[in-house]
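Asker: Have a look at the structure that comes next, please.
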Amino acid sequence: MRDTPLSNCERDFLLKAIEEKKRLDGRQTYDYRKIKITFGTDYGCCFVDLGKTRVMAQVSCELVTPKESRPNEGIMFFNLELSPMASPAFELGRSSELLVKLNRQLERCLRNSRCIDTESLCVVSGEKVWQIRVDVHMLNHDGNLMDATSIAAIAALSHFKRPDVGIQGDVVTVYSAQERDPIALSIYHMPICVSFSFFQQGTYLLVDPCEREERVMDGLLMIAMNKHREICSIQSSGGIMLLKEQVLRCSKIASVKVSEITDLIAKALENDKKARKEGRKCGFAESMPQERITALKNLETTVEMTDLTKQASDIVEGVETPAEMALSPVVPAPGVGQVGAGLQNAWGLEDEEDEEEEVDGDEPEVTIVAEKRGNKKKGERPVVIISDSEEEEVVILNPESS
């Protein structure tokens, strides 16, 4: 799926704003977006938010056979993934031109700059070395993926700790974190990429372009530098001609930005180490408290409270008093009820009358029938028969013989 192209009106608006030294998000020409660095629960997991651009880097390691040309050095492997979750323009499983460019630039920035001591990754010369794998996943794309990727990768490498190993003869034993403390990687310096976008054939320059600004730019310059002002790599794309003064100007700006970002990474690492040492929540668990991550979170709304009492009293005075309702003169018939205070209710009148009749009729009727004396036998007493039947009840009395 291809991304939606910009209309001519949007393009003209962006270029006109850049000519007036204005940007869509209100930043100045050389300002970076807000950078947030957080670490996961495991060592080597890092999340970087550059504005709305979000990147996750995960570092892992395994023992492998070294290369024949370098038997005493470990292996660095980088893998980038552009998923459709980050942008509709990305297709899963396809190697796009942007993916290849980002992967090559990341390898130049971290591997070719020798920022990590690969010889310290050797376990047995020519047999066993550590392979460090860096997987970078794009979670959201809002421009300047290269800067966010480089920050996430170097921060994850600085946070990662590999397991300790023991060698006894030809047997190599890998100890768990419970048996021995893991060992951090040996990092010499932190190269970080800084991107510059050029407009109107190099007339205007912006730092940290967003996604819409990248669509209308004429060229891009990426400089990888560490805080010692050493340029690790430099790459230009877009086919524009840059003067020597422009490149030097960008390098000076990059040195300032790299120093600020390096201090931010060091501070984030220190805070995470302190939190883990004190036993506090860290990583993903640290972001779970209520009102920090919630789907139904609402922003606070400012309410004007001045003269609220006066406004309420005016509203109450302006309301008309409802007229009193007169009682209905109609007397309800049996089985009819009226709802309201003081009204008559004739519900269940028939039932009450029936119940009274039933109560009166509970007493059995007694009927005395005098039989002829000729049917009376000696020694028999009168017989009284009482029944609850609804039929007429009869009681036969045998009078005593005289």
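The values are calculated or read from the model by the stated rules, or taken from the named source; none is laboratory data. Keep in mind that this is a model prediction, so the values were computed, not measured. All Cβ positions, glycine included, derive from the backbone under ideal geometry; neighbour counts span all protein chains shown. Accessible surface areas use protein heavy atoms only, side chains included; no ligands, DNA or RNA. Shrake-Rupley method; radii C 1.70, N 1.55, O 1.52, S 1.80 Å.
Asker: List pairs: first residue in the range 10-33 and of a type in the set (Phe, Trp, Tyr), second residue not in a loop (DSSP other than H, G, I, E, B) anywhere in the structure, Cβ distance under 6 angstrom, at least six positions apart or on different chains.
Answerer: Tyr30/Val207; Tyr30/Ile253
Asker: One residue is enough: does the range 159-167 have a residue meeting the conditions open to solvent by 50 Å² or more (accessible area, probe 1.4 Å) and not in a loop (DSSP other than H, G, I, E, B)?
Answerer: Within the range 159-167, one or more residues are open to solvent by 50 Å² or more (accessible area, probe 1.4 Å) and not in a loop (DSSP other than H, G, I, E, B).
Asker: OK, next. Could you go through the range 114-135 and let me know if any residue there is of a type in the set (Ser, Thr, Tyr) and in a loop (DSSP other than H, G, I, E, B).
Answerer: There is at least one residue in the range 114-135 that is of a type in the set (Ser, Thr, Tyr) and in a loop (DSSP other than H, G, I, E, B).
Asker: So which residues in the range 129-150 are buried (at least 18 other Cβ atoms within 10 Å of the Cβ) and more than 22 Å from the chain's Cα centre (by Cα), if there are any at all?
Answerer: Val129, Trp130, Ile132, Val134, Asn144, Met146, Asp147, Ser150
Asker: A follow-up question, please. Can you say whether Lys128 is on the phi < 0 side of the Ramachandran plot, touching a Gly at 6+ places or on another chain (Cβ under 9 Å) and basic (Lys, Arg), as far as the supplied structure shows?
Answerer: Judged against the criteria, Lys128 is not a match.
Asker: Could you check the range 177-216 and list, in sequence order, the residues that are without any contact (Cβ under 8 Å) to a residue 60 or more places away in the chain and open to solvent by 50 Å² or more (accessible area, probe 1.4 Å)?
Answerer: Scanning the range 177-216 gives Ala177, Gln178, Glu179, Arg180, Asp181, Ile183, Ala184, Gln201, Thr203.
Asker: Take the conditions in a loop (DSSP other than H, G, I, E, B), touching a Cys at 6+ places or on another chain (Cβ under 8 Å) and more than 30 Å from Gly169 (Cβ to Cβ) and apply them to Gly93. Does it pass?
Answerer: no
Asker: So for the range 302-315 (the condition being at pLDDT below 65, under 31 Å from the mean Cα position of the chain (by Cα), more than 21 Å from Val207 (Cβ to Cβ) and open to solvent by 90 Å² or more (accessible area, probe 1.4 Å)), does at least one residue qualify?
Answerer: Scanning the range 302-315 turns up at least one residue that is at pLDDT below 65, under 31 Å from the mean Cα position of the chain (by Cα), more than 21 Å from Val207 (Cβ to Cβ) and open to solvent by 90 Å² or more (accessible area, probe 1.4 Å).
Asker: Residues being open to solvent by less than 20 Å² (accessible area, probe 1.4 Å) and in a strand (DSSP E or B): count how many of those fall in the range 31-75.
Answerer: Residues flagged as open to solvent by less than 20 Å² (accessible area, probe 1.4 Å) and in a strand (DSSP E or B) within the range 31-75 amount to 9.
Asker: Pairs under 8 Å by beta carbon, first residue farther than 30 Å from Val124 by Cα in the range 72-90, partner open to solvent by less than 30 Å² (accessible area, probe 1.4 Å) and of a type in the set (Gly, Ala, Ser), six or more apart or different chains?
Answerer: Phe90/Ser83
Asker: Additional query: When you scan the range 98-123, how many residues do you find that are open to solvent by 30 Å² or more (accessible area, probe 1.4 Å), more than 36 Å from the chain's Cα centre (by Cα) and at negative phi?
Answerer: So the count comes out to 5.
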